[in-house]
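J.: Can you keep this structure in mind? I'll have questions shortly.
The values are calculated or read from the model by the stated rules, or taken from the named source; none is laboratory data. Everything numeric in this text was worked out from a predicted model, so none of it was measured. Ideal geometry is used to build each Cβ from the backbone, glycine not excepted, and the neighbour counts take in all protein chains shown.
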Amino acid sequence: MVKTKHLLIQFLILLAWSNLSIASEIKTIEISTPEWKDFTNKDGSGLYFEIVRKAYSLSDIKVNYTFVPWPRAVKYVNENHKDAMLGAYNTVKESIYPQYPIDVEYTLVVFKKGTLKDWQGQKSLAGKRVYWVRGYDYHKYLKTKMDWKELQDTDNGLRLLEKGRIDFFIDSKNTIMPKFKALKLDPSKYVMKPVITKNLYVRYARTKKSEELIKIFDKNMETLLKSKELEKIYQKWNHEMPDFSNLSK
């Protein structure tokens, strides 16, 4: 019995030492992400980049990023080719997540004025042609039967909507609003209704390294929150800060 207890203690010590060793060896985090204006800009600026970079800089970890379409970012993380991706729901079981979100997303349904007499929430989507960007998986959160399909990007979705080839297009408010200007579309000709509101997170590959990266991220985010540095970052980018008051400690 004494020998067994001694072996157990040795095992726990080795396990703790192993985890400490992994954490101390982490020098970089590899992130894949689409380019989103003011969130993940090509020059490395943007709200998401600044939050993640600031959090990991407290532990001397460098953030490297690769710009790819959303479906490929998902694939890279799912297959452990990258450590993490940005701006994701925390509902995909193949991945692991921190406690701290980085954003709150308001997902909008967009449709042309005059095509719908009375908006009745998700029920209005029933049986209609509803499109969104591949990999966003909104069908998992909308409780109605739709003729839904996925597209490569937001530009394509809004153009199809403009031409009347689809009934509804769904995407985040942060993405849709700048696209109207970029595509020279008149937003006054469209109706936008919120359908989903959820926090967005850094989504990590399911690896030992990611487990340590998450511990570091949450610890440093707590430090940034208490010091008001996190609030300053959101203010700098003129963006709403998520509600951190209900985090489990």
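J.: Return the pairs, sorted by first residue and then second, in which the second residue is modelled with pLDDT under 95 and not acidic (D, E), the first residue lies in the stretch 203-226 and is within 11 Å of A55 (Cβ to Cβ) and in a helix (DSSP H, G or I), the beta carbons are less than 8 Å apart, and the residues are 6+ apart or on different chains.
T.: L213/I26; I216/A23; I216/I26; L225/F244
J.: Right, another one. Please go through the stretch 144-156 and give me each residue that is closer than 20 Å to T175 by Cβ and either of a type outside the set (A, V, I, L, M, F, W, C) or loosely packed, with under 12 Cβ neighbours inside 10 Å (or both), ordered by number.
T.: K149, E150, Q152, D153, T154, D155, N156
J.: Kindly evaluate Y190 against the criterion of being over 29 Å from S124 (Cα atoms), surrounded by 16 or more Cβ atoms within 10 Å (Cβ to Cβ) and at pLDDT 95 or above.
T.: Working: over 29 Å from S124 (Cα atoms): no; surrounded by 16 or more Cβ atoms within 10 Å (Cβ to Cβ): yes; at pLDDT 95 or above: yes.
In short, no.
J.: Looking at Y131, Y141, Y136, which is the one that is among the hydroxyl-bearing types (S, T, Y), closer than 30 Å to T66 by Cβ, surrounded by fewer than 19 Cβ atoms within 10 Å (Cβ to Cβ) and not assigned by TED's automatic domain parsing to the domain that holds K209? Give the derivation first.
T.: Values: Y131 fails: surrounded by fewer than 19 Cβ atoms within 10 Å (Cβ to Cβ); Y136 fails: surrounded by fewer than 19 Cβ atoms within 10 Å (Cβ to Cβ).
The unique qualifying residue is Y141.
J.: Quick one: is K82 at pLDDT 95 or above, touching a strand residue (DSSP E or B) at 6+ places or on another chain (Cβ under 8 Å), assigned to a loop (DSSP other than H, G, I, E, B) and closer than 13 Å to I31 by Cα? Don't jump to the end; show me each part of the working.
T.: Numbers: at pLDDT 95 or above: yes; touching a strand residue (DSSP E or B) at 6+ places or on another chain (Cβ under 8 Å): yes; assigned to a loop (DSSP other than H, G, I, E, B): yes; closer than 13 Å to I31 by Cα: yes.
Here the answer is yes, as K82 does meet what is asked.
J.: Of the conditions (1) in contact (Cβ under 8 Å) with a residue 12 or more places away in the chain; (2) outside any loop (DSSP other than H, G, I, E, B), E94 clears all except one; give me its number.
T.: (2)
J.: Condition check: in contact with a Gly (Cβ under 6 Å, 6 or more places away or on another chain) and either at pLDDT 95 or above or under 21 Å from D137 (Cα atoms) (or both). Does P98 satisfy that?
T.: Numbers: in contact with a Gly (Cβ under 6 Å, 6 or more places away or on another chain): no; either at pLDDT 95 or above or under 21 Å from D137 (Cα atoms) (or both): yes.
When the stated conditions are applied, P98 does not pass them.
J.: Now, a different point. Just to be sure before I move on: is T115 part of a loop (DSSP other than H, G, I, E, B) and modelled with pLDDT under 95 in the structure I sent?
T.: Taking the combined requirement at face value, the residue satisfies it.
J.: If I filter the stretch 168-175 for residues that are assigned to a helix (DSSP H, G or I), over 24 Å from Y141 (Cβ atoms), in contact with a helix residue (DSSP H, G or I) (Cβ under 9 Å, 6 or more places away or on another chain) and in contact (Cβ under 8 Å) with a residue 12 or more places away in the chain, do I get at least one hit? So that I can check it myself, show each step before the final result.
T.: Of the residues in the stretch 168-175, the ones assigned to a helix (DSSP H, G or I) are 173-175.
Now restrict to residues that are over 24 Å from Y141 (Cβ atoms): none.
Within the stretch 168-175, not a single residue is assigned to a helix (DSSP H, G or I), over 24 Å from Y141 (Cβ atoms), in contact with a helix residue (DSSP H, G or I) (Cβ under 9 Å, 6 or more places away or on another chain) and in contact (Cβ under 8 Å) with a residue 12 or more places away in the chain.
J.: Just to be sure I understand, how many residues within the stretch 118-139 are of a type in the set (K, R) and part of a strand (DSSP E or B)? Break it down into steps so the answer makes sense when it comes.
T.: Looking only at the stretch 118-139, we keep the residues that are of a type in the set (K, R), and these are 123, 128-129, 134.
Those left that are additionally part of a strand (DSSP E or B): 129.
Within the stretch 118-139, residues that are of a type in the set (K, R) and part of a strand (DSSP E or B) number 1.
J.: I'm told L247 meets every condition in (1) in a loop (DSSP other than H, G, I, E, B); (2) at pLDDT 95 or above except one. Can you identify the failing condition by its number?
T.: (2)
J.: Does L225 meet the test of being of a type in the set (A, V, I, L, M, F, W, C) and in the same structural domain as D38 (by TED's automatic domain parsing)? Please lay out each step first, then the result.
T.: On the way: of a type in the set (A, V, I, L, M, F, W, C): yes; in the same structural domain as D38 (by TED's automatic domain parsing): yes.
Yes: the conditions hold for L225.
J.: Taking the condition loosely packed, with under 15 Cβ neighbours inside 10 Å, more than 30 Å from D60 (Cα to Cα) and touching a residue at least 12 places away in the same chain (Cβ under 8 Å), does P178 pass?
T.: Working: loosely packed, with under 15 Cβ neighbours inside 10 Å: yes; more than 30 Å from D60 (Cα to Cα): yes; touching a residue at least 12 places away in the same chain (Cβ under 8 Å): yes.
Yes.
Here is a yes/no grid of residues against (1) of a type outside the set (A, V, I, L, M); (2) more than 16 Å from D103 (Cβ to Cβ); (3) over 19 Å from the mean Cα position of the chain (by Cα); (4) exposed (fewer than 14 other Cβ atoms within 10 Å of the Cβ):
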| residue | (1), (2), (3), (4) |
| --- | --- |
| D186 | yes, yes, yes, yes |
| V195 | no, yes, no, no |
| V202 | no, no, no, no |
| K208 | yes, yes, yes, yes |
| I216 | no, yes, no, no |
| K219 | yes, yes, yes, no |
| L225 | no, no, yes, no |
| K228 | yes, yes, yes, yes |
| E240 | yes, no, no, yes |
